[in-house]
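Right, one structure below, let's go through it.
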Amino acid sequence: MSQTKFIVRKVAVLGAGVMGAQIAAHLANAKVPTVLFDLPATTGDKNAIAQKAIDGLKKQKPSPLAGKDAIGAITPANYEDHLSLLKDCDLVIEAIAERMDWKSDLYQKVAPHLGENSIFVTNTSGLSINTLADSLPPALKPRFCGVHFFNPPRYMHLVEIIPCHGSDAEMLDNLERFLVTTLGKGVIRAKDTPNFVANRIGVFSMLATIANAEKFGIRFDVVDDLTGPRLGRPKSATFRTADVVGLDTFSHVVKTMQDTLPLDPWHPLFKSPEWLQKLIAAGALGAKTRAGIYKKDGKQMLVLDPLTGAYVGSGEKGDDAVKEILKNPDPAAKFKALRASEHPQAQFLWSCFRDVFHYIAVHLGDIASCARDVDFAIRWGFGWSVGPFETWQAAGWQQIAGWIAEDIAAGKTLSNAALPAWALQSDRAGVHFADGSFDAASGTLVGRSQLDVYRRQLAPATVLGERATSLGETVFETEGVRAFTSGDGVLVVSFKSKAHAIGPDVIDGVNHALDLAEARFKALVIWQPEEPFSVGADLQSMLPAFMMGDWDTIDRMVRRFQDTSMRLRYSQVPTVAATQGYVFGGGCEFAMHCDRVVAALESYVGLVEVGVGLLPGGGGCKEFALRAAQQARGGDILASLKDSFMTIAMAKVGTSAIETQEIGYFRNTDVVVFNAFELLYVAKQQALALAESGYRPPLKVKSFPVAGRTGAASIKGQLVNMLEGHFISQHDFTISALIADVISGGDVEAGTEVDEEWILGLERKAFMQLLKNPKTQDRIANMLTTGKPLRN
């Protein structure tokens, strides 16, 4: 392999099925030109199969495309006419159906056309990488491995790299660098065993859940109520997840385990239940066929009763007593209560946990390099908030191990395989420690990867028991914020409030951070250790003044918010917002006023105040009015303003950082980062680059033209039509009309020059007017009590 720098200029994806097309879409999101291959069509355009898959990307929800222009980076191709294109592709990803013979035939067809340094990978979810490698010419084997993306590839963080016996070490490192930074993935290196790590354990967990549900007589909807968010797992839980994945796909993965793991002690479990086979035979494959374990009949959701094969009304919940046990924050006490309870649902939950713990202990040495890889694989590939080994360790290793051994002896487990000796060591406290995670094959602790790409992750994902990453020295800490530095001249401030909502304590903290940054540091970065960036203003903090009708105090709070936004804009040091997750309301306004935004791709951004009957009061309306004037450049302000108005009035949310740039919340000069764990590193680099280039704050805008009362009237004309057509309520009209007045500059002539303070004053006045409106108060009360918007 060449020792030169590895650059991916172009990628080919072979296979335009569900996974192939979505992998191509994510490559396109990252601005990687991609050629999407499939079979030639028998009639018409020979690229029709690949083109249909590309067109289909535009219709999928959630969207695999992060922006409207991404699709232009994908070129359709077919195996008959375009194999010559492969020689210019630095990476070729095979993603055809899971058939060993089909893959082997394709490899023989494409191998002669690959570039001499092209990396060739397969996206198989479980087939043997070494067996596939046997289909390749010897010269290609060093450049071959498995790369298992999880569905949907844009959103699922996990990618497993599975080397074959001859895979070149430098090639694997280069591939990992590309996957981590360019595509934003969390990579683990798996052993070449059936279904690798995540699917092997995740699918086993689902099979164990199915078996225990049958054993204890638990309805499928109750299982899903108990095994979703209550356990720190996705809302789709168990059976809804099977529907989303596709029952045929799930059954195929189970069949792979059945066929390839004949010696596994749990082999009798590796089969699709009879009720599942009947659903597949009937074409009820889950979400993609609108019927599976669940199906909708009109407005009613139904769930399968496996005993009768009929659908019954769904919506039953777990028993309150069992749910109370799950609320216990002490893992040891929670597991003790589950095991001791005689309630079938508690016994079911203990059995599900126990069987997974049993399985991962027995197989750790076979399938993974260490316990950390198991936990990351399940967290990133199946959406668990805590991995299975972490859960066991948190609950008390010795206690849980003893209970598992007792249940094995009593014949209660799904297999009578003994726990391995290492798991029963009397001095064992867990598998994750400050110096590394346990590798059962070698009996040693394995530290973190030393690959250079991980130096960009200043706050990497961690497992329980691991040595905590130091983010630097705390400069100051209050009720609202923590500010720290790592000695590079950048002051980083993080919010401590729930969901990083912005209340008086946070505003005071940000202002103090700005004071210190201007006095002692080169730059200021706003960054949160975990998402969201911010859900916006803390309405709860306004409640006391609101209940007392102390409008002057609230007015001062809003003014303070606006002043803080303006300080971020005109600070004497560069300010950078590092966003991920929700960036709503006031969080969006803070970001819009920073010199630069460094946004994780999965930043969901919007001024959503209309949902609580308000308008943006922290400078958001002002900012859109100013940007409209700047975009018009002396031309038609109203044309630019109408888009801005719709963005605010419809509470439009960008569903990616790229779409957020297209909408206009973020600028095209802002930076999009695909790996959220690199967010702080890139934000600091951007802040330092601004500082080192002789940063000066932007000159204050002395004046800019507004659309005036005629512009507002034009916008309101559209609103009247929407009101009469019953698309909006009367209160929606009231809110939107005020937004139109504010961003148009108020009751002035078109073209009148105003300054930022003028618009901020209008914004604040309208905010207070709405806050006093009973219908807005109803919306706020509903949001605070239910967490959901009220349409009134």
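The values are calculated or read from the model by the stated rules, or taken from the named source; none is laboratory data. Given the structure is predicted, the values throughout are model-derived calculations rather than measurements. Here Cβ is always computed from backbone atoms with ideal geometry, including for glycine, and neighbour counts include all displayed protein chains. Keep in mind that these areas ignore ligands, DNA and RNA; they rest on the heavy atoms of the full protein, side chains included. Shrake-Rupley method; radii C 1.70, N 1.55, O 1.52, S 1.80 Å.
Any idea which residue in region 672-716 is least open to solvent (accessible area, probe 1.4 Å), counting only those that are basic (Lys, Arg) and part of a loop (DSSP other than H, G, I, E, B)? Break it down stepwise before answering.
If we filter region 672-716 for residues that are basic (Lys, Arg), which is where we start, we get 684, 696, 700, 702, 709, 716.
Then keep just the ones that are part of a loop (DSSP other than H, G, I, E, B); that gives 696, 700, 702.
Details: Arg696: 168, Lys700: 147, Lys702: 182 Å².
Among those residues, the one meeting the criterion is Lys700.
Could you please let me know if Thr669 is modelled with pLDDT of 95 or more, outside any loop (DSSP other than H, G, I, E, B) and of a type in the set (Ser, Thr, Tyr)?
On the way: modelled with pLDDT of 95 or more: yes; outside any loop (DSSP other than H, G, I, E, B): no; of a type in the set (Ser, Thr, Tyr): yes.
So Thr669 fails the test.
Looking at (1) closer than 18 Å to Phe590 by Cβ; (2) open to solvent by 50 Å² or more (accessible area, probe 1.4 Å); (3) touching a Ser or Thr at 6+ places or on another chain (Cβ under 7 Å), find the lone condition where Gly480 falls short.
Only one criterion is unmet by Gly480, namely (2).
Do we find that Glu530 is part of a loop (DSSP other than H, G, I, E, B), of a type in the set (D, E, K, R) and open to solvent by 40 Å² or more (accessible area, probe 1.4 Å) in this structure?
In short, yes.
Which residue, of Ala545, Ala501, is open to solvent by less than 60 Å² (accessible area, probe 1.4 Å), over 27 Å from Pro698 (Cβ atoms) and at pLDDT 95 or above?
Details: Ala545 fails: at pLDDT 95 or above.
Just one listed residue meets the conditions, Ala501.
Identify the residue in region 717-739 that is among the aliphatic types (A, V, I, L, M) and in a helix (DSSP H, G or I) and, among all such residues, is surrounded by the fewest Cβ atoms within 10 Å (Cβ to Cβ). Write out each step before concluding.
Residues of region 717-739 among the aliphatic types (A, V, I, L, M): 719-720, 722-723, 728, 735, 737-739.
The next check asks that each one be in a helix (DSSP H, G or I); those that pass are 719-720, 722-723, 735, 737-739.
Details: Leu719: 21, Val720: 11, Met722: 14, Leu723: 17, Ile735: 26, Ala737: 18, Leu738: 23, Ile739: 30.
Only one residue tops the list, namely Val720.
Can you tell me which residues in region 51-84 are over 30 Å from Asn668 (Cβ atoms), surrounded by 12 or more Cβ atoms within 10 Å (Cβ to Cβ) and in contact with a helix residue (DSSP H, G or I) (Cβ under 8 Å, 6 or more places away or on another chain)?
Scanning region 51-84 gives Ala77, Asn78, Tyr79, Leu83.
May I ask you to list pairs of residues, at least six apart or on different chains, whose Cβ atoms are under 7 Å apart, with the first in region 216-242 being touching a residue at least 12 places away in the same chain (Cβ under 8 Å) and the second being surrounded by 18 or more Cβ atoms within 10 Å (Cβ to Cβ) and among the acidic types (Asp, Glu)?
Going by the 7 Å Cβ cut-off, the qualifying pairs are Ala237/Asp224; Thr238/Asp224; Phe239/Asp224; Arg240/Asp224.
Does region 125-142 include one or more residues that are open to solvent by less than 10 Å² (accessible area, probe 1.4 Å), over 28 Å from the mean Cα position of the chain (by Cα) and of a type in the set (Val, Ile, Thr)?
yes
Taking only pairs six or more apart or across chains, which ones have beta-carbon atoms under 8 Å, a first residue in region 50-69 that is on the phi > 0 side of the Ramachandran plot and of a type outside the set (Ser, Thr, Tyr), and a second residue that is modelled with pLDDT under 95 and surrounded by 15 or more Cβ atoms within 10 Å (Cβ to Cβ)?
If the second residue must be modelled with pLDDT under 95 and surrounded by 15 or more Cβ atoms within 10 Å (Cβ to Cβ), no pairs are left.
Filter region 444-462 for residues that are in a loop (DSSP other than H, G, I, E, B), closer than 24 Å to Val493 by Cα and of a type outside the set (Ser, Thr, Tyr); which is most open to solvent (accessible area, probe 1.4 Å)? Working first, answer last.
First, pick out the residues of region 444-462 that are in a loop (DSSP other than H, G, I, E, B): 447-451, 457-462.
Imposing the further condition that a residue be closer than 24 Å to Val493 by Cα reduces the set to 457-462.
Checking which are of a type outside the set (Ser, Thr, Tyr) leaves us with 457-461.
Values: Gln457: 26, Leu458: 54, Ala459: 28, Pro460: 31, Ala461: 11 Å².
The residue in question is Leu458.
Does region 504-527 contain any residue that is over 24 Å from Arg696 (Cα atoms), surrounded by fewer than 18 Cβ atoms within 10 Å (Cβ to Cβ) and not charged (D, E, K, R)?
Yes.
Report those helices (runs of 4 or more DSSP H) wholly inside region 223-320 carrying at least 3 residues which are farther than 17 Å from Asn151 by Cα and open to solvent by 50 Å² or more (accessible area, probe 1.4 Å). Talk me through it step by step, then tell me what you get.
Working: elements: 239-245, 247-260, 274-281.
Ranges flagged: 247-260, 274-281.
Which numbered condition trips up Arg779, out of (1) charged (D, E, K, R); (2) within 24 Å of Gly549 (Cβ to Cβ); (3) open to solvent by 40 Å² or more (accessible area, probe 1.4 Å)?
That leaves (3) as the condition not met.
Considering (1) of a type outside the set (D, E, K, R); (2) farther than 20 Å from Phe204 by Cα; (3) buried (at least 16 other Cβ atoms within 10 Å of the Cβ), say which one Ala421 fails and leave the rest.
Unmet condition: (3).
Kindly indicate which of Gly618, Gly581, Gly585, Gly654 is modelled with pLDDT of 95 or more, surrounded by 24 or more Cβ atoms within 10 Å (Cβ to Cβ) and on the phi > 0 side of the Ramachandran plot.
Values: Gly618 fails: on the phi > 0 side of the Ramachandran plot; Gly581 fails: surrounded by 24 or more Cβ atoms within 10 Å (Cβ to Cβ); Gly654 fails: on the phi > 0 side of the Ramachandran plot.
When all the criteria are applied, what remains is Gly585.
For region 385-395, how many residues meet the condition of being open to solvent by less than 30 Å² (accessible area, probe 1.4 Å) and within 24 Å of Phe149 (Cα to Cα)?
Number satisfying all stated conditions: 4.
Listed here are the residues, each with its yes/no results for (1) of a type in the set (Ser, Thr, Tyr); (2) part of a loop (DSSP other than H, G, I, E, B).
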{"residue": "Pro138", "(1), (2)": "no, yes"}
{"residue": "Arg154", "(1), (2)": "no, yes"}
{"residue": "Asn174", "(1), (2)": "no, no"}
{"residue": "Ser205", "(1), (2)": "yes, no"}
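Identify, by number, the condition in (1) open to solvent by 50 Å² or more (accessible area, probe 1.4 Å); (2) of a type outside the set (Phe, Trp, Tyr); (3) touching a residue at least 60 places away in the same chain (Cβ under 8 Å); (4) within 29 Å of Ile188 (Cβ to Cβ) that Asn416 doesn't meet.
The failed condition is (4).
Return the residues of region 753-775 that are surrounded by fewer than 21 Cβ atoms within 10 Å (Cβ to Cβ), touching a residue at least 60 places away in the same chain (Cβ under 8 Å) and more than 12 Å from Ile554 (Cβ to Cβ); say none if nothing qualifies.
Asn773, Lys775, listed by residue number.
Could you check how many residues of region 169-207 are acidic (Asp, Glu) and touching a Phe, Trp or Tyr at 6+ places or on another chain (Cβ under 9 Å)?
Final tally of qualifying residues: 2.
Which of the residues belonging to region 177-187 are open to solvent by less than 10 Å² (accessible area, probe 1.4 Å) and of a type outside the set (Gly, Ala, Ser)?
Kept after step one, since they are open to solvent by less than 10 Å² (accessible area, probe 1.4 Å), are these residues of region 177-187: 179-180, 183-186.
Once the filter is applied, which keeps residues that are open to solvent by less than 10 Å² (accessible area, probe 1.4 Å) and of a type outside the set (Gly, Ala, Ser), region 177-187 yields Leu179, Val180, Leu183, Lys185.
Let me spell it out: the conditions are (1) under 30 Å from Trp275 (Cβ atoms); (2) of a type in the set (A, V, I, L, M); (3) open to solvent by less than 30 Å² (accessible area, probe 1.4 Å), and Ile119 meets all of them except one. Which number is the exception?
Evaluating Ile119 over (1) under 30 Å from Trp275 (Cβ atoms); (2) of a type in the set (A, V, I, L, M); (3) open to solvent by less than 30 Å² (accessible area, probe 1.4 Å) leaves (1) as the failure.
So the check is Cβ under 6 Å with 6+ separation or different chains; which pairs have a first residue in region 516-538 that's free of Cβ contacts under 8 Å to residues at least 12 places away in the same chain and closer than 21 Å to Gln686 by Cβ and a second one that's among the hydroxyl-bearing types (Ser, Thr, Tyr) and crowded, with 24+ Cβ neighbours inside 10 Å?
Within 6 Å, no pair qualifies.
Looking only at region 631-642, decide whether some residue is more than 19 Å from Pro532 (Cα to Cα) and within 30 Å of the chain's Cα centre (by Cα). Don't jump to the end; show me each part of the working.
Let us first name the residues in region 631-642 that are more than 19 Å from Pro532 (Cα to Cα), namely 631-642.
Adding the requirement that they be within 30 Å of the chain's Cα centre (by Cα) leaves none.
Checked region 631-642: no residue is more than 19 Å from Pro532 (Cα to Cα) and within 30 Å of the chain's Cα centre (by Cα).
What are the pairs, 6+ residues apart or on separate chains, where a residue within region 87-100 that is part of a strand (DSSP E or B) has its Cβ under 9 Å from a residue that is of a type in the set (A, V, I, L, M, F, W, C) and open to solvent by 20 Å² or more (accessible area, probe 1.4 Å)?
Going by the 9 Å Cβ cut-off, the qualifying pairs are Leu91/Val8; Val92/Leu114.
When the residues of region 625-649 are filtered to those that are closer than 18 Å to Tyr604 by Cα and in contact (Cβ under 8 Å) with a residue 24 or more places away in the chain, which remaining residue is surrounded by the fewest Cβ atoms within 10 Å (Cβ to Cβ)? Don't jump to the end; show me each part of the working.
Going through region 625-649, the residues closer than 18 Å to Tyr604 by Cα turn out to be 644, 646-649.
Next cut, in contact (Cβ under 8 Å) with a residue 24 or more places away in the chain only: 644, 647-649.
Details: Ser644: 22, Thr647: 19, Ile648: 24, Ala649: 25.
Per the criteria, the residue is Thr647.
Taking region 577-594 as the region of interest, how many residues are aromatic (Phe, Trp, Tyr), under 22 Å from Leu760 (Cα atoms) and in a strand (DSSP E or B)?
Going through region 577-594, the residues aromatic (Phe, Trp, Tyr) turn out to be 582, 584, 590.
With under 22 Å from Leu760 (Cα atoms) added as a condition, the list becomes 584, 590.
Next cut, in a strand (DSSP E or B) only: 584.
The total comes to 1.
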